[in-house]
Amino acid sequence: MKTIPPSCPEPEVGAKYWRSLDQLADTPEFRQWVEREFPSGASEFNDPVSRRHFAKIMSASFMLAGLGLAGCRKPEEHILPFSKKPQGYVHGVPQFYATARPTRSSAVPLLVKSHDGRPIKVEGNPKIPGGNGGTDTYTQASILNLYDPDRAMRFAKGGATASRDEAFAYLSETSAKFAANGGAGLAFLVERSSSPSRERLQKAIAAKFPKAKWHVFEPVDLDIHRKAATLACGRGVRPDYRFENARRIVSLDCDFIGAEQEAYRYIRGFANGRKLSSPNDEINRLYVIEGLFSLTGTNADHRLRVAPSHVVCATARLLQEIAGGDAGSHVQRLAAEFKGDAKWIVECAKDRRSSEKQGKSLILAGHQQPLEVHWMALAINQALGNLGSTVAMLPAPIVKEGSIEDLAASLNAGQVDTLVMLGVNPAYTAPVDLEWSKAQAKAKAVIRWAYYEDESAAGVTWHLPAAHYLESWGDARSGDGTLVPVQPLIEPLFGGVTDLEVLARLAGLDVTKPYEIVRETFGGLISNGNFEENWKKFLHTGFWPGSALKPVKAAVNLDQVNDKLATATVAPLPSTQQLEVIFHRDNKVDDGRYNNNGWLQELPDPITKMTWENVILMSPKTAKALGLEIKNRENNQLFVPVVKIQVNGKEIEGPAWTQPGQADNTVALALGYGRNKTGRVGHGSGYDAYQVRVAATPHIATGAKLSDTKKTHGLATTQDHWAMEGRPIVREANLKQYQEHPNFARFMNLEEPPIVQSMYPNPLDARKKDALHQWGMVIDLNACVGCSACSIACQSENNIPIVGKEQVTRHREMHWLRIDRYFTSDPKLPEDQKVDDPQVVMQPMLCQHCEAAPCENVCPVNATVHDEEGLNLMVYNRCVGTRYCSNNCPYKVRRFNFFDYNKRTPEQLKGPFYPNPVTGEVAGEWGVTQWLKDPAQGYRTGDEWDLLKMSKNPDVSVRMRGVMEKCTFCVQRLEQAKISKKIKAGASGDVRLKESEGNIPQTACQQACPAGAIVFGDVSDPQSQVSQQKANSRDYAVLEFLLTKPRLTYLAKVRNPNPEMPDYREYPLSVEEYSKAAHANPFESHSGAPAADGKGHEAHGSKKGAH
Amino acid sequence: MGYQPVQPVAFSHEIHAGQLGIDCRYCHDGVEKSWYSNVPAASVCMNCHNQVLKEDPRLELVRESAATDKPIPWVQIHKTPDYVYFNHAVHVNRGVSCVECHGKVNHMEEVQQAKPFSMAWCLECHRHPEQRVRHPDDVYNLDLQISPDEQKKKGAKFVHDFNIQSLENCSACHR
């Protein structure tokens, strides 16, 4: 038996170590020792020190640390068991609870994992009808908000901390006061909500305070879909789109994959319609008319660039084509204003007019478009028989509500005595012409319930901390109307309250506990059967089966639509002097509500790949016309010009950035950044687009001017190189070519080096014979839409730290799973036109788990090795940080933890990271002097660290600095599944996980993917889904010619363009780029072989490098 | 090895598990379900001790804990580093007895660490499971008598019948 060395105290990094030295510095032994050894140096502690001195002092201190602690002793640690164990609780076994994340006027049904009382991972509820467990980035990241150290943590009266009881007493007082006068002078400003309980409380308030005013405000209001449908159909309805029925889809500036509500559901339906298991399958076709390049635009088969203000003309033109002579005079008038490619619209209309497509198409208008576009879209849907098929009209009550403009007017008129704000942050988000802060100050008292003490908290009478949804009792309706519970997984960490409680107290109700309120509402809605049984079932399943709203019959009258267009006008086409401004919901921080969420801040934007801030986007042509030179590299850092935008009589400055494929002469400003008062993560990120946004033109403003300020600004983007340079990284074909050449993906295989007998056989080949499973993954590039939910899910599951903007500029981001976005263009076009109408491909890139992994060969310490099940393992404890593996990885998926990113404070995320302890100077002070004054500086405080630790997954090591890390295929989930199976097997040999038994775990990315694009499983089981996917003729490996034999392969993308369209190309642009680089078209060089079944091509496919 | 701290309550495994023959799982009830084998709640002690030795001063801390929700600060003896993911449940359910890692606790007046808990020591068993594996029914019988020859014979059969792999890859314990 090996003898073990005496165990030492755990080597604490940084903070603790220095702290203990600091304490030691005050002991007499230390002083005596220093004086004996460094009589003259002792006084230099507070002075700038030389490197030599620093080293001397430090080495002395190290020795003393050893002496002073009197050797290494095992520290005494305690186990503190329960005094009474809760029933059914087993320490260490995670529990799952069904709940939901409320969104604007919907909710995402969830299943949340709780480890020893701490919620740690959010997943979609897979049991919800039609659900696949997929979610979106906001939902995946929302768990980090729960542990945000900057959230509102106190009840505050006039800015000073007060007690909860005082706050509640004030609410009761307010209630009593307004009960006397019927609510005159009482006004509410709230965010949207789908909660039946809140609706009930709102009614109670309206009954008790008939004169009170109820105002709803959302800076990005997605309610326009309901409003348009209700006005057009003459009854209370809202559209719910059924993508699974749609074969032809036209998006009129509608980013249903990104910016619209329910994106995760729509992605699911859309992606299901794009999946191909054989060349004979049919897939849907997506046409997009838009100005800003959206996620939906990147997935389009045909995309028409139109300034957003002219989408109304394009829509009218489309309606005219489809309705023919029935299109009214105003439609004709608007259609005549369309200045784009008429043939595009004509052919697009033809494609969906054919009779077999009746009810099989879907026309969508985006939330940023005016009502007119929505009405015409509804009219087209009606003409094509889509209402009731792809567009379900769900009943939606018509509610009377005021706008924020009305409220600002009554505030300014002095009609508001008490203002109650629930969740909104108007001081930041309200239209700038309302001058909200001044208006808010005119109320005698302001009660605000919110998650942060932010901009709008200034000057309020009472500030109540909001509970996170994982701390709250509540209810909601999901997109199709299904009733879902919001169930808490943890007591409010900082004593937050829910909006239901605030409203109930204001209404003066007897029942004020949210739990009781929700139960009461549920009892009112579901009255048949035993209440307690129903309630238990409701909480257990996470939704009430069959509660989805039944679609109602609704029709749109074309003539009425035409009449409604009477007042519609069209702005002149934008020019370089009269630019058009697009205000858009940000893909990461939404309207600013996730501004302090580090995961989202650091997530590269799906299109621009920008992190930590927003930029002013414009097309490359516009930038050139305006004389801006965008890309400048200095010391490998990216600097761009700062430009000034003048619009609506206001101005802002921000960094300019070019976006290929954006409509010319438009500039796009993302909302949600540049906040004055936010948490420490969001502080100082980006510019504030709200400062030029007015009530009249919230989404599209015209007549803007841009000028160069001659300043520059550094950006942090993770992928500023746009092109694949003709390499076959992402492979694609058009549907026609796929039908002719089902195994086209392999045509692009490069010539493999001649295979000679290896001197060392791959040990995996022998070891895998005894293994129970062989893990593998397939990603279907035809289903992937690039939404990035997988990336955040991976971050949450695997304890991946954020690194801050400064480190991203050095390409040190830690994401184990990134999404590569490539623009492809026609190689024949001149250089400056190439980026006008590019095609886009997205490719999730993570560790490929190569069977012959190049990283393993070069590790000097065996820190990355293979197991017998085909996983490329990373052994953190062996890693010494040579980074050879990363250098040798052809896929660049290994990440190195350069600093102790986990322990960095939010301030430190802003950098600079190099206060060289000896020679570096920060804020006029030497690094070392700062260090000696405050050794804990730069590290999180104990409390904050404890809070952050709560969010970590206990099944995954939190890596420290100096260690390489990468995707593990969620090895912790695999091991847990294997262990569970073995426990069940007990004294039997049945230990193999089988897909047929449903016990193969999902990886975090796979589970979060709303499109179902990622399939993981056992490739040694021929029946498994992953094996069947790998047998698909579109399957290919990236950089296969390196003979790395990746376990992760991709299914090539298939586009479905319409040959009649003016922008039709026979081949996807990436193929044209490839052909140019390879001097041969892969399809043409294979055209001689028999086509129908592709069998003839297998020979070609395997004869590598035939071209 | 040999670490034997003084515990806050003079609890004797020898009396409870040895002489009285209480099953390990009466107190450590999570061992078959979780990665973690729990130290029992004070209320579990009180199941018997509200009748037996009701007034004994040695049990003062237990009574106080059960009454006040204040946990008893037991001193941890066996500890794996935080980068090791050891799972109790899979070992005890598949025929690795408590005694293999913890020694004959049922003969310990005060518990001490009987085995080295080093990685090399873990791997000894992981490389040669047949030398230790027994039938899952015998896992909690810490006094099982078996000759080395018999163990070898039976062990090899168990390894074959239970489909036990000798897991030596890193991910088995490090994630």
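For the criterion of being more than 14 Å from chain B (Cβ to nearest Cβ), within 18 Å of A:Phe1016 (Cα to Cα) and modelled with pLDDT under 95, A:Glu831 fails.
Quick grid of which residues meet (1) in contact with a Cys (Cβ under 7 Å, 6 or more places away or on another chain); (2) open to solvent by 50 Å² or more (accessible area, probe 1.4 Å); (3) within 14 Å of chain B (Cβ to nearest Cβ); (4) more than 17 Å from A:Asn799 (Cβ to Cβ):
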{"residue": "A:Asn857", "(1), (2), (3), (4)": "no, yes, no, yes"}
{"residue": "A:Tyr876", "(1), (2), (3), (4)": "no, no, yes, no"}
{"residue": "A:Asn897", "(1), (2), (3), (4)": "no, no, no, no"}
{"residue": "A:Asp900", "(1), (2), (3), (4)": "no, no, no, no"}
{"residue": "A:Arg904", "(1), (2), (3), (4)": "no, no, no, no"}
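Of all the listed residues (B:Val44, B:Val96), the sole one being open to solvent by 30 Å² or more (accessible area, probe 1.4 Å) and touching a helix residue (DSSP H, G or I) at 6+ places or on another chain (Cβ under 9 Å) is B:Val44.
In segment A:935-946, the residues that are within 18 Å of A:Gly804 (Cβ to Cβ) form Cβ pairs under 8 Å with partners that are part of a helix (DSSP H, G or I) and modelled with pLDDT of 75 or more, at six or more places apart or across chains, as follows: A:Tyr939/A:Lys903; A:Tyr939/A:Trp945; A:Arg940/A:Lys903; A:Arg940/A:Leu948; A:Trp945/A:Lys903.
Which one of A:Asp480, A:Asp499 is in contact with a strand residue (DSSP E or B) (Cβ under 7 Å, 6 or more places away or on another chain), within 20 Å of A:Leu422 (Cα to Cα) and buried (at least 16 other Cβ atoms within 10 Å of the Cβ)?
After ruling out the rest, the residue left standing is A:Asp499.
Being open to solvent by less than 20 Å² (accessible area, probe 1.4 Å) and assigned to a loop (DSSP other than H, G, I, E, B) is the filter here, so list the residues in segment A:162-184 that pass it. Result: A:Gly182, A:Gly183.
From the residues in segment A:123-149 that are in a loop (DSSP other than H, G, I, E, B) and of a type in the set (S, T, N, Q), which one is surrounded by the most Cβ atoms within 10 Å (Cβ to Cβ)?
Here the residue is A:Thr135.
Go through segment A:975-1000 and count every residue that is more than 9 Å from chain B (Cβ to nearest Cβ) and either open to solvent by 20 Å² or more (accessible area, probe 1.4 Å) or in a helix (DSSP H, G or I) (or both). Summing the residues that are more than 9 Å from chain B (Cβ to nearest Cβ) and either open to solvent by 20 Å² or more (accessible area, probe 1.4 Å) or in a helix (DSSP H, G or I) (or both) in segment A:975-1000 gives 9.
A Cβ distance below 6 Å, combined with a sequence gap of six or more or placement on separate chains, defines the contacts here; from segment B:160-171, residues that are at the interface with another protein chain (Cβ under 7 Å from one of its Cβ atoms) reach residues that are loosely packed, with under 15 Cβ neighbours inside 10 Å in the pairs B:Asp161/A:Gly989; B:Phe162/A:Gly989; B:Asn163/A:Gly989. Looking only at segment B:58-80, decide whether some residue is surrounded by 13 or more Cβ atoms within 10 Å (Cβ to Cβ), small (Gly, Ala, Ser) and in contact (Cβ under 8 Å) with a residue 24 or more places away in the chain. Yes, some residue in segment B:58-80 is surrounded by 13 or more Cβ atoms within 10 Å (Cβ to Cβ), small (Gly, Ala, Ser) and in contact (Cβ under 8 Å) with a residue 24 or more places away in the chain.
Restricting to segment A:536-591, name every residue that is of a type in the set (Ser, Thr, Tyr) and closer than 30 Å to A:Val486 by Cα. Can you show your working first?
Taking segment A:536-591 as the starting set, the residues that turn out to be of a type in the set (Ser, Thr, Tyr) are A:541, A:547, A:567, A:569, A:575-576.
Passing the criteria: A:Thr541, A:Ser547.
Among the residues of segment A:923-974, those identified as modelled with pLDDT of 85 or more, over 24 Å from the mean Cα position of the chain (by Cα) and either over 16 Å from A:His815 (Cα atoms) or away from every other protein chain (no Cβ under 13 Å) (or both) are A:Arg961, A:Gly962, A:Met964, A:Leu974. Among the residues of segment B:109-139, write down those that are surrounded by 16 or more Cβ atoms within 10 Å (Cβ to Cβ), more than 10 Å from every other protein chain (Cβ to nearest Cβ), out of contact with any Asp or Glu (no Cβ under 9 Å at 6 or more places or on another chain) and assigned to a helix (DSSP H, G or I). Once the filter is applied, which keeps residues that are surrounded by 16 or more Cβ atoms within 10 Å (Cβ to Cβ), more than 10 Å from every other protein chain (Cβ to nearest Cβ), out of contact with any Asp or Glu (no Cβ under 9 Å at 6 or more places or on another chain) and assigned to a helix (DSSP H, G or I), segment B:109-139 yields B:Cys122, B:Pro129, B:Glu130. Counting residues in segment A:617-636 that are on the phi > 0 side of the Ramachandran plot, modelled with pLDDT under 90 and of a type in the set (S, T, N, Q) gives one or more.
Restricting attention to segment A:1046-1076, the residues that are closer than 21 Å to A:Val1015 by Cβ and out of contact with any helix residue (DSSP H, G or I) (no Cβ under 9 Å at 6 or more places or on another chain) add up to 2. Of the residues that sit in segment A:386-434 and are among the acidic types (Asp, Glu) and assigned to a loop (DSSP other than H, G, I, E, B), which one is farthest from the chain's Cα centre (by Cα)? Looking at the filtered set, the residue picked out is A:Asp417. Considering segment A:287-370, the qualifying helices (runs of 4 or more DSSP H), each wholly inside and each with 3 or more residues that are under 34 Å from the mean Cα position of the chain (by Cα), run over A:295-298, A:311-323, A:342-353. Condition first: over 18 Å from the mean Cα position of the chain (by Cα) and without any contact (Cβ under 8 Å) to a residue 24 or more places away in the chain. Now tell me which residues in segment B:120-144 satisfy that. Of everything in segment B:120-144, those that are over 18 Å from the mean Cα position of the chain (by Cα) and without any contact (Cβ under 8 Å) to a residue 24 or more places away in the chain turn out to be B:Ala120, B:Glu124.
The values are calculated or read from the model by the stated rules, or taken from the named source; none is laboratory data. A quick note: this is a predicted structure, and the numbers were derived from the prediction, not measured. No Cβ is skipped: glycine too gets one built from the backbone with ideal geometry, and neighbour counts run over all protein chains shown. Only protein heavy atoms, including side chains, enter the accessible area calculation; ligands, DNA and RNA are left aside. Shrake-Rupley method; radii C 1.70, N 1.55, O 1.52, S 1.80 Å.
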